[in-house]
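Since every read-out is calculated from the coordinates, none of them should be taken as a lab result. As the structure is a prediction and not an experimental result, all values here were calculated from the model. All Cβ positions, even for glycine, are placed from backbone atoms using ideal geometry, and neighbour counts span all protein chains on display.
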Amino acid sequence: MTALNGAEAIAFAQSVLDSQPFSVLVGARVEAMSPAGVVVRVPFRRDITQHHGFAHGGVQAALADIALTFMGAAALGPSVLTSEFKINFVRPGVGEALVARGSIISAGKRQAVTRCDIYAVQNGEEKLVATALGTIVTADVPPAGGA
């Protein structure tokens with residue numbers, strides 16, 4: 001498998017998101033992707049909040065899953081799946097956007113352990129709202145996104 005990097009990686013990752021109705025619904029956009037890290041942004045809107053007006057935990061978990069899996073793809077190649085992940089919510093998320101920043105902790109031939117921190121962005125300032133840890137594995141399925 002070939003690891004993903006640069007503009008080609010961003011285009012591939014965005015095509016994957018664009019093929020997922022939920023990712024389109026929340027407006028997920030890939031801003032950066034390389035073996036060193038991934039950045040995925042979701043605009044903050046009322047329809048992704050919970051009853052107190054904070055970003056819904058399910059949206060944050062989906063954003064974490066996206067970033068964790070894309071980091072696995074950056075290390076292992078495009079045919080990957082999430083084996084497991086956990087998320088810790090640090091504080092309520094409010095602002096103009098949610099930004100996930102993913103990184104690799106360790107990668108082998110078939111498995112990668114990845115990390116993601118999610119920030120709420122308000123007035124250009126980022127505040128940590130959640131952190132996640134995941135295990136991403138290679139899959140015997142064709143890559144998504146038309147590649």
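Dipole size in debye (nearest 20) for the chain around its Cα centre, Lys and Arg Cβ +1, Asp and Glu Cβ -1?
Values: 11 positive and 11 negative charges, 48 e Å.
Here the chain has a charge dipole of around 240 debye.
Which ³J(HN,Hα) values, rounded to whole Hz and listed in residue order, are derived for region 15-32 from phi using the Karplus coefficients 6.51, -1.76 and 1.60 in 6.51 cos²θ - 1.76 cosθ + 1.60 with θ = phi - 60°, glycine and proline given as x?
The phi angles translate into 5, 5, 4, 5, 8, 10, x, 5, 4, 5, 4, 8, x, 5, 10, 8, 9, 7 Hz.
If one takes the longest principal axis of the Cα atoms in the chain, at what angle in degrees, from 0 to 90 and to the nearest 10, does the Cα axis of helix 57-76 lie?
20 degrees
Can you give the helix-only mean residue ellipticity at 222 nm for the chain, where every DSSP H stretch with n ≥ 4 adds -39500 (n - 2.57) and the sum goes over all residues, rounded to the nearest 500 deg cm²/dmol? Spell out each step's value before the answer.
Working: 3 runs with 39 residues, N = 147.
The helix contribution divided over the chain gives -8500 deg cm²/dmol.
Starting at the first residue of region 125-136, write each ³J(HN,Hα) from the Karplus equation 6.51 cos²θ - 1.76 cosθ + 1.60 with θ = phi - 60°, in whole Hz, x for Gly and Pro.
Ordered by residue, 3J(HN,Hα) equals 9, 9, 10, 5, 10, 7, 9, 9, 10, x, 10, 10 Hz.
Assuming a viscosity of 1.306 mPa s and a temperature of 10 °C, what translational diffusion coefficient in µm² per second does Stokes-Einstein assign to the chain, Rh being the Kirkwood radius over Cα pairs? Write down the numbers at each step before the final one.
Values: Rh = 15.0 Å.
Reported coefficient: 106 µm²/s.
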